[in-house]
């Protein structure tokens, strides 16, 4: 298993995993949230076989074993959630993006909630062309850009966004994400504490509206 660390912070470690054949994994001290970026394969999580295809998401509770049984061009995004909440008997969950529940956020944005986990929320966000108002969240978040091009604006400075860009947004950091268009931007986010991606606040502390 080839592993590339993208972001390391007190709350999370975001990594790219590229299995080159069967391999065993075990995150004893962290919950793990997985998302298939490309390729196909099969995995076994806590004894259950799961087909892997683009858009497959999975939660693996701390201490639960998982392994890749077969891989063909497989690339996964992994987020380790440090100091997780007790799993209360749940070893894992999985869901495909097409089956995930959809919701609406601010500035005309949509999202789909992925594999449920008590410690953190995993979602795919769909961002139309344009720039969102400056805002902040009360959760700590790591983001990975799946599709689209744009910019992240923080404190008067801007950084480019494109497929493969990864970002750490500490809680209460005022920011704005802009999609240059013309198509939709898609981002994969994981944040804690778990909650709704729609929860956001303007710089003056008032809750953002739809």
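For region 99-128, a tally of residues being farther than 24 Å from residue 180 by Cα and more than 16 Å from the chain's Cα centre (by Cα) returns 1.
Looking at residue 60, is it within 23 Å of residue 198 (Cα to Cα), at pLDDT 95 or above, in the same structural domain as residue 40 (by TED's automatic domain parsing) and in contact with a strand residue (DSSP E or B) (Cβ under 7 Å, 6 or more places away or on another chain)? No, not satisfied. Within region 19-29, is even one residue out of contact with any helix residue (DSSP H, G or I) (no Cβ under 8 Å at 6 or more places or on another chain), in a strand (DSSP E or B) and under 22 Å from residue 113 (Cβ atoms)? The answer is no, given that none of the residues of region 19-29 is out of contact with any helix residue (DSSP H, G or I) (no Cβ under 8 Å at 6 or more places or on another chain), in a strand (DSSP E or B) and under 22 Å from residue 113 (Cβ atoms). Looking for whichever is touching a strand residue (DSSP E or B) at 6+ places or on another chain (Cβ under 6 Å) and more than 24 Å from residue 186 (Cβ to Cβ) here; the options are 68, 36. Which one fits? Of the residues listed, the single one that is touching a strand residue (DSSP E or B) at 6+ places or on another chain (Cβ under 6 Å) and more than 24 Å from residue 186 (Cβ to Cβ) is 68. In region 117-132, the qualifying residues are those that are part of a strand (DSSP E or B) and on the phi < 0 side of the Ramachandran plot, and the one that is surrounded by the fewest Cβ atoms within 10 Å (Cβ to Cβ) is 131.
Exactly one residue among 87, 100 is out of contact with any strand residue (DSSP E or B) (no Cβ under 7 Å at 6 or more places or on another chain), buried (at least 16 other Cβ atoms within 10 Å of the Cβ) and touching a residue at least 40 places away in the same chain (Cβ under 8 Å), and that residue is 87.
The values are calculated or read from the model by the stated rules, or taken from the named source; none is laboratory data. Everything numeric in this text was worked out from a predicted model, so none of it was measured. A quick note on method: Cβ atoms are made from the backbone with ideal geometry, for glycine too, and the neighbour counts reach across all protein chains shown.
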